[in-house]
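Asker: What follows is a single structure, and I will ask about it in a moment.
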Amino acid sequence: MKKKSAHPAGPSQRQLRVGELIRQALSEMLARGDIYDDTLASHPVSVTSVRVTPDLKLADIRILPLGGEDTIAVLAALDHNRKFIRGEIAHRINLKFAPDIRFHADDSFDARTQIERILDSEQVRRDTRKPAASND
């Protein structure tokens with residue numbers, strides 16, 4: 001008999017499903033221009049991921065403005081419209097209680113670029129070359 005651990009290895013199916021529903025609803029709202037804000041209207045925004053806490057009371061939403069420009073202004077606009085967005089998300093995905101939402105800039109693409117730059121460096125190439133066979 002397998003013992004259940006107190007801390008699961010990752011998010012539950014329910015967390016993943018609710019996170020994806022929130023991501024789709026917010027993406028649709030942004031694409032259609034349902035949020036009336038000049039900054040959001042002038043900056044296309046991608047919702048890259050949504051992580052929901054196990055109790056479904058908090059959703060961390062990662063966003064990335066197209067081209068990575070004006071991220072701070074876009075985050076400020078989203079925070080300013082947080083109450084409206086939260087209500088619309090709850091209505092669109094039919095949740096009994098809408099999770100509190102927090103917006104964050106998605107820096108995973110920057111991290112990926114940094115890793116690629118490191119892997120492409122001369123030092124890494126030198127370390128990964130096979131040593132020449134010695135003839136003794």
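Here, each number is a calculation from the coordinates, and none is a lab measurement. In this text the structure is predicted, and so the values were computed from the model without any measurement.
Asker: Apply the Karplus parameterisation 6.51 cos²θ - 1.76 cosθ + 1.60, with θ equal to phi minus 60°, to every residue of region 80-85 and state each ³J(HN,Hα) to the nearest whole Hz, in sequence, with x for glycine and proline.
Answerer: For region 80-85, the Karplus curve yields 4, 9, 4, 4, 4, 4 Hz.
Asker: Got the relative contact order for region 13-128 handy, in percent, Cα pairs under 8 Å and 6 or more residues apart? Mind showing how you got there, number by number?
Answerer: Working: 137 pairs, mean separation 28.7, N = 116.
Worked out over region 13-128, it gives 25 percent.
Asker: Rounded, prolate or oblate, given the Cα gyration tensor of region 44-110, with a/c below 1.5 counting as rounded?
Answerer: prolate
Asker: Return the tail of the calculated pair distribution for region 13-128, meaning the percent of Cα-Cα pairs more than 17 Å apart.
Answerer: 58 percent
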